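Working notes, structure below.
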Amino acid sequence: MNATPPPGHLPPSGPGLPAGPAYPAAPAPQGPGPRILGNRGLRLLALLIDVVLAVVVLFLVTTGVGLVVTFGDSKDNSPYYLSVLVALALLFLYSPLLTARCGGTLGKLLCGLSVVRLADGSPLSYGTALGRHLAHLGMWLVPVLCLLDPLACCWDRTLRRCLHDKVAGSLVIRRSMRPAPAPAPVTRPAGS
């Protein structure tokens with residue numbers, strides 16, 4: 001027996017029953033549960049790890065190039081172009097490439113976070129990851145947006161998305177969830 005009424009079916013009316021079509025149930029909340037979303041503190045820690053890593057890499061490359069220019073037989077400053085190439089590689093490859101291939105930068109991976117598409121939870125393509133990264137960098141250059149971008153994550157209580165996540169249609173989630181602790185077994189006292 002089919003429990004669903006045919007299309008256009010009107011429920012019976014009478015005393016105590018509403019007349020007309022029945023109202024559909026309220027839609028289920030959209031998006032992942034709050035335990036799956038990336039923690040704001042972990043996102044900040046991941047960003048700090050990535051910034052420190054980039055500064056250390058640039059410092060080591062620039063120092064090495066400086067030593068080569070100072071103590072080597074270089075007649076011009078052409079070795080400094082290596083520093084520029086490394087900076088450009090960090091800018092256009094580090095975050096977008098790792099986000100597209102691994103789900104996040106080294107900072108995000110160390111903090112157990114991953115960046116996925118909001119629509120279906122799949123990994124970001126390189127183009128989407130690059131757009132997300134450039135939106136993030138562009139917002140850092142504008143005085144008010146550099147503050148509003150990370151604070152939007154605090155105001156968005158449902159999905160915890162920053163402005164650069166909203167531009168790219170991405171979502172930061174936890175990579176692995178710890179299983180919930182098992183409840184303690186109930187023991188009865190002896191003799192009861």
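Can you find a residue that is part of a helix (DSSP H, G or I), open to solvent by 60 Å² or more (accessible area, probe 1.4 Å) and under 19 Å from Ile49 (Cα atoms) anywhere in the range 105-125? Yes: one or more hits. Every condition in (1) open to solvent by 40 Å² or more (accessible area, probe 1.4 Å); (2) free of Cβ contacts under 8 Å to residues at least 24 places away in the same chain is met by Ala152 except one, and the failing one is (1).
The values are calculated or read from the model by the stated rules, or taken from the named source; none is laboratory data. This is a predicted model, so every value here is computed, not measured. Please note: Cβ atoms are built from the backbone with ideal geometry, for glycine as well, and neighbour counts cover all protein chains shown. Areas reflect the complete protein model, heavy atoms only, side chains present, ligands, DNA and RNA absent. Shrake-Rupley method; radii C 1.70, N 1.55, O 1.52, S 1.80 Å.
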